[in-house]
Structure formats: structure tokens, C-alpha cells
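Student: First the structure, which I've put down as C-alpha cells, then a few questions once you've had a look.
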Amino acid sequence: MVDLHSHTTESDGSCPPPQLLERAADAGVDVLAITDHDTFAGYDCALPLAPRLHIELLCGIELSTKFRGQSVHLLGYFLENHVPLAFRAWVSELQASRRERNERLAARLRELGMEITVEEAETRGRGMTGRPHFAQIMVQKGYVSTYREAFDEYLDESAKAYVFRHEPQLAQAVEKIRDSVGIASLAHPTRVKGDVSAILPELCRAGLNAIEAYHSDHDARATALYLGLAGHHGLLVTGGSDFHGDVKPEVKLGTGCNGNLKIPGDLADRLRQAVRT
Ligand code: AMP
Ligand code: FE
Ligand code: FE
Ligand code: ZN
């Protein structure tokens, strides 16, 4: 089986990279891409272990980008399993800007009377530490009574503790991926607000060259819709479970939610063929 979307403890998954490989092997997945948010650390760690488990490990990443003011996730795949140093450096900058934002957020919360440190948040969020982890701590320490209240009162963009974080524009991230001979795929298009078919022409002009038609959030109808859009716009098709381990236990590697994920066995071969030609 093929699964081109998964997360490890290096971002917001619950499986350390070696354990993710074991889970994949147990689930019958023999072609796996690790697509952690804003980091290659999980992939780098798992790569030497993959042959032993007879898994073909592919290199991927999931980037948080901005498109028309909304946050849109973009997948990047580097099928030659080589990421140019310039792209890695750019990803490091994104991580640094997240960490710097977290410092300012912690300082702002302390200013508002809450004893919260970045280190505490990072214990929970590791490489993907963000507002959700600060919200959890605020609930745990009794500064708010619910997670919802933490966002509504403090962390939401319109709330009093919000601090700005730079996120790359979707078009910029697409360009960076394509410049590095990567495939840029619109992640879980069903989560994009508004009509995806209406924004695709602009995304294609920006260099988007794939769409994640197969995903655990997609029912058969959604999958057919995105396959149709891929055909119409000449986009490659990617697919994966978006496995996060025990934090989202209903999503299984390779098969999605209750077996709703049916990824063609030759999906990775088709992508590789497209990159070569
Ligand atoms: P960050 O990357 O640290 O800016 O946090 C972004 C994450 O915070 C999103 O992926 C959501 O999970 C969560 N989030 C953002 N805004 C809200 C909100 N208004 N209510 C609940 N969760 C939110
Ligand atoms: Fe995630
Ligand atoms: Fe995502
Ligand atoms: Zn994901």
C-alpha cells in the first residue's frame, strides 16, 4: 500500500519516526512519505531505518501558507530523496520565525498575568509548538476554563494576546518547492474554505502542479471531484492518510478512516515518472 501523508513527533504526530515506520510496515504500507509540518527532521531520522522494514521512504513536507488571508496547507515532495540545501535553509528560517513568535506570545501572556514559558509549550508541541499548546496550558493552569475561551479571549487573531507570525504566501512556497525540483500539492483541498475549483486557476498559474485527491477527510464524492479537477487542470495526483498516531486514532496508515482511503498502488511511480519527464 501507498501512503504519502504522515506525521511524526517531529511535528504534531504521536509516533517517533522509527515507530511510525514500524506501524506502517504492520499496516502493510510499503511506500510511505513523511510529511511533517515545516521540518525534515522526522524523514531524516527514519531514512536509514526504512530498508530494514522493507519500506520505500519518500521525502515530503507540509507547509502552512497564506492564500487570500486564509491558512492553506501545501505538501512538497522531493522524490529524488534529495532536498537542496537552499530549501532546507528556508525551512529553518520558517522554524526560527515560529520559535521567535512563541517567545513573544509567552511574553505577552506573562504581561497579562499568566505564568507560562515557551519551554512548557515546547514540551507539548515539540517542533510544531503553537497557539493550541499555549491554550492547553492556560486551561491546565486555570487561567481560562476552556480551550475555546483561551482562543476567544486571548489567542484568536482578534483577541488581546495575539501576536503576529509571518507565514509564507502560498505562491512563494510553491515557487520554492518547484525551484527545488519538488512536487507542490494542495493538501486536503476539502479543508480549503470556499470553492476550490474557483481558486485552482490562480494556484496553477503560481506553479502548483499537484492536488491531494486521496485523503482521509474525503468521501468517494470528494475524491472524484478532486480527480476531475486534477484532470481538468493537468495536475498530478497525490494522496495519503494524514496519519498523526494516537492524537487522531480514527485515521489509519494506508487506509484512512474506516477504509475510506483507496490510493492506487502505482501513485508514487506515476509521480516519479512525471518528475523525470
Ligand atoms: P499557530 O500555528 O501557532 O499560529 O496556531 C495555529 C493553530 O491554532 C491552527 O492550526 C488551529 O489549530 C488553532 N487555531 C487558530 N485559531 C483558532 C481559533 N480561533 N479557535 C481554535 N483554534 C484555533
Ligand atoms: Fe498536522
Ligand atoms: Fe494539513
Ligand atoms: Zn498533514
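Student: Residues that are more than 23 Å from ILE263 (Cβ to Cβ): list the helices (runs of 4 or more DSSP H) wholly contained in the range 155-234 that include at least 2 such residues.
Tutor: The qualifying helices (runs of 4 or more DSSP H) are 170-179, 196-205.
Student: Next question. Looking only at the range 19-35, decide whether some residue is within 16 Å of ligand 3 (Cβ to nearest atom), of a type outside the set (A, V, I, L, M, F, W, C), assigned to a strand (DSSP E or B) and at negative phi.
Tutor: Looking through the range 19-35, none of the residues is within 16 Å of ligand 3 (Cβ to nearest atom), of a type outside the set (A, V, I, L, M, F, W, C), assigned to a strand (DSSP E or B) and at negative phi.
Student: Among the residues of the range 45-56, are any more than 16 Å from ligand 2 (Cβ to nearest atom) and under 18 Å from the mean Cα position of the chain (by Cα)?
Tutor: yes
Student: Being within 13 Å of VAL29 (Cα to Cα) and of a type outside the set (S, T, N, Q) narrows it down to one of GLY231, GLY254, GLY259, so name that one.
Tutor: GLY254
This table checks each residue for (1) at pLDDT below 95; (2) open to solvent by less than 10 Å² (accessible area, probe 1.4 Å); (3) out of contact with any Lys or Arg (no Cβ under 8 Å at 6 or more places or on another chain).
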residue	(1), (2), (3)
HIS54	no, no, yes
LEU63	no, yes, yes
HIS73	no, no, no
ARG126	yes, no, yes
GLY130	yes, yes, no
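Student: Can you find even one residue in the range 124-141 that is away from ligand 2 (no atom under 16 Å from the Cβ), touching a residue at least 12 places away in the same chain (Cβ under 8 Å) and part of a loop (DSSP other than H, G, I, E, B)?
Tutor: yes
Student: Among residues belonging to the range 224-265 that are open to solvent by 10 Å² or more (accessible area, probe 1.4 Å) and small (Gly, Ala, Ser), point out the one that is nearest to GLY182 (Cα to Cα).
Tutor: My answer is GLY234.
Student: Show the residue pairs meeting these rules: Cβ distance below 8 Å; 6+ apart or different chains; first residue within the range 200-215 and surrounded by 23 or more Cβ atoms within 10 Å (Cβ to Cβ); second residue among the acidic types (Asp, Glu).
Tutor: So the pair list comes out as HIS215/ASP242.
Student: Out of (1) within 22 Å of GLU250 (Cβ to Cβ); (2) open to solvent by less than 10 Å² (accessible area, probe 1.4 Å); (3) in contact with a helix residue (DSSP H, G or I) (Cβ under 7 Å, 6 or more places away or on another chain); (4) small (Gly, Ala, Ser), what's the single condition that is false for ALA50?
Tutor: (1)
Student: Right, something else. Is it the case, given these coordinates, that VAL174 is among the β-branched types (Val, Ile, Thr), open to solvent by less than 10 Å² (accessible area, probe 1.4 Å) and either modelled with pLDDT under 95 or closer than 30 Å to LEU225 by Cβ (or both)?
Tutor: For VAL174, the condition - among the β-branched types (Val, Ile, Thr), open to solvent by less than 10 Å² (accessible area, probe 1.4 Å) and either modelled with pLDDT under 95 or closer than 30 Å to LEU225 by Cβ (or both) - is met.
Student: Continuing with the same structure: Among the residues of the range 10-31, is any over 13 Å from LYS252 (Cα atoms), at pLDDT below 95, more than 16 Å from ligand 1 (Cβ to nearest atom) and surrounded by 18 or more Cβ atoms within 10 Å (Cβ to Cβ)?
Tutor: No, there is no match, as no residue in the range 10-31 is over 13 Å from LYS252 (Cα atoms), at pLDDT below 95, more than 16 Å from ligand 1 (Cβ to nearest atom) and surrounded by 18 or more Cβ atoms within 10 Å (Cβ to Cβ).
Residue-wise test of (1) under 30 Å from ALA206 (Cβ atoms); (2) crowded, with 19+ Cβ neighbours inside 10 Å; (3) of a type in the set (Asp, Glu).
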position: ASN81; (1), (2), (3): yes, no, no
position: ALA89; (1), (2), (3): yes, no, no
position: ARG98; (1), (2), (3): yes, yes, no
position: GLU103; (1), (2), (3): no, no, yes
position: ARG110; (1), (2), (3): no, no, no
position: TYR162; (1), (2), (3): yes, no, no
position: HIS166; (1), (2), (3): yes, no, no
position: ARG178; (1), (2), (3): yes, no, no
position: ALA187; (1), (2), (3): yes, yes, no
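The values are calculated or read from the model by the stated rules, or taken from the named source; none is laboratory data. Everything numeric here is computed off the predicted structure, so don't read it as measured data. Counting neighbours? That spans all protein chains shown, and the Cβs are built from the backbone with ideal geometry, glycine included. We work out accessible area using only protein heavy atoms, side chains counted, and drop any ligands, DNA or RNA first. Shrake-Rupley method; radii C 1.70, N 1.55, O 1.52, S 1.80 Å.
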